[in-house]
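What follows is a short report on a single structure.
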Amino acid sequence: MAELTPEMNQTLLENLRNIAKEGFRNAARGFADMIGNELSVWNPDVRAIPITEIPEMLGGPENDAVAIYLRMTGEVSGQIVLVIPYDKALEMCDLVLEQPYGTTQNLGTLERSALAEVGNLAGTFFMNAMAEITGITARPSPPAVMVDMVGSILDVVVSTMGDVGSQVMLFQSTFMAGERHTQADFWVIPDTFTVEKLGQHVKGKHG
Amino acid sequence: MANHLAVGLGEIKVSRDLSDVLVAFGLGSCVGVGMYDPGTHVAGLLHAVLPINNDASEEFQAKYADTGIRLLLDMVLKAGAVRSRIVVKMAGGANMLTAPGFTNSFDIGSRNITSARNTLKELGFRLASEEVGGQTGRTVRLYVPDGRMTIRMMGGQEREF
């Protein structure tokens with residue numbers, strides 16, 4: 001198992017921040033085109049955190065949320081998850097479907113499809129940025145939409161990692177759509193064995 | 001007032017304090033296995049992430065259903081439970097990803113359930129009750145005073161199983 005040592009984390013994190021920044025900016029651009037609205041990216045960052053701390057970062061494991069989930073496969077592999085608190089997801093539907101706030105009351109087929117498209121766009125644009133910076137290419141799977149408790153959504157992420165490393169690399173950012181304050185956390189969780197590869201590629205290019 | 005002890009991913013909590021409630025929040029594909037001895041009020045709850053521990057490393061035993069259940073049994077016995085009285089219940093193991101292309105390769109929930117059932121059988125335990133499978137996450141509680149186990153799903157009410 002490729003365990004992430006503190007020293008390795010340090011170097012990797014610095015290198016991966018470049019990908020994060022550019023990737024998130026790119027994703028926001030794609031998303032903004034879709035909704036026809038300016039979108040700003042707040043605090044793009046990469047962190048290595050213990051798995052067990054993830055639920056608390058989303059306000060507790062029992063909070064209701066929507067996750068749009070994609071696998072990336074190719075030279076690097078991993079998971080991309082757009083996590084949105086449930087009420088914010090309803091607002092996001094209104095935004096994407098160009099309806100007044102409060103119109104969407106629950107998530108039917110149309111709403112889920114709209115959210116899937118949001119995740120799809122964000123994920124694809126992120127991977128494009130990664131390819132530009134590192135030369136590493138990856139393909140996204142079709143998006144899956146999960147509506148459930150935060151803890152349950154994270155179960156998928158953690159169990160898919162397979163080897164249950166003690167830490168995960170978390171690319172995190174918040175997107176704000178103008179005054180409507182639509183907000184989502186965008187997580188990219190590379191499989192443990194590909195993290196090192198990503199870091200090396202970035203280092204080769206910039207360092 | 002009840003004292004909630006959270007059982008995180010890959011953790012086990014054991015208690016015989018009558019003011020405690022053991023809780024595994026938002027179990028998705030994970031399984032929660034509870035053991036309870038009504039005689040001594042020793043309660044233990046496991047929150048297992050994956051079905052089978054292939055390298056049997058000491059450190060992560062509780063993250064896997066097979067080694068986790070054995071560790072849970074050891075821990076409740078050490079805390080004073082009498083093996084012949086232990087009641088076992090299980091919840092969780094949902095299949096969260098149901099989009100086309102995900103279903104088969106990601107059905108970790110079902111594999112967790114199978115692994116847990118097999119391990120319990122090997123140890124000679126029969127499940128008194130279970131709330132498993134489906135496509136929805138569950139919060140699982142084990143009440144130390146009476147061994148009652150409950151689940152709650154998103155937007156739903158807590159109910160005993």
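Bear in mind that the values in this text are calculations on the coordinates, not laboratory data. Values in this document were obtained by computation on a predicted structure and should not be read as measured data. Ideal geometry is used to build each Cβ from the backbone, glycine not excepted, and the neighbour counts take in all protein chains shown.
Taking amide H positions as placed in the peptide plane 1.01 Å from N, state which residues far from residue B:42 in sequence (5 or more) or on other chains have amide H under 5 Å from it.
Under 5 Å from the amide H of residue B:42: B:37.
Would you grab the residues whose amide H sits under 5 Å from the one on residue A:79? Only those 5+ places off in sequence or on another chain, please, with H modelled 1.01 Å from N.
Hits under the 5 Å cutoff: A:72, A:189, A:191.
What ranking do A:68, B:12 get, fewest neighbouring Cβ atoms within 10 angstrom at the top?
B:12, A:68
For chain B, what is the calculated [θ] at 222 nm in deg cm²/dmol (nearest 500), taking -39500 (n - 2.57) for each run of four or more DSSP H residues and dividing by its residue count? Please list the in-between numbers first.
Working: 2 runs with 29 residues, N = 161.
It comes out at -6000 deg cm²/dmol, rounded to the nearest 500.
Which residues does the label zone of residue A:14 cover in segment A:110-143, counting backbone N under 19 Å from a point 7 Å along Cα→Cβ?
A:134
Spelling out what I want: for every residue of segment B:35-49, take phi, set θ = phi - 60°, compute 6.51 cos²θ - 1.76 cosθ + 1.60 (Karplus), and round to whole Hz; glycine and proline get x.
Each residue of segment B:35-49 in turn: 10, 8, 10, x, x, 9, 6, 7, 10, x, 10, 10, 10, 8, 9 Hz.
Just to confirm the number: angle between the C-alpha axis of helix B:65-78 and the first principal axis of chain B, 0 to 90 degrees, nearest 10?
For helix B:65-78, the angle is close to 10 degrees.
Non-local amide H neighbours of residue A:48 (under 5 Å, H modeled in plane, Pro and chain starts lacking H): which ones?
Here A:170 satisfy the definition.
With label points built 7 Å along Cα→Cβ from the Cα atoms of residue B:123 and residue B:160, find their separation and express it in nm.
2.4
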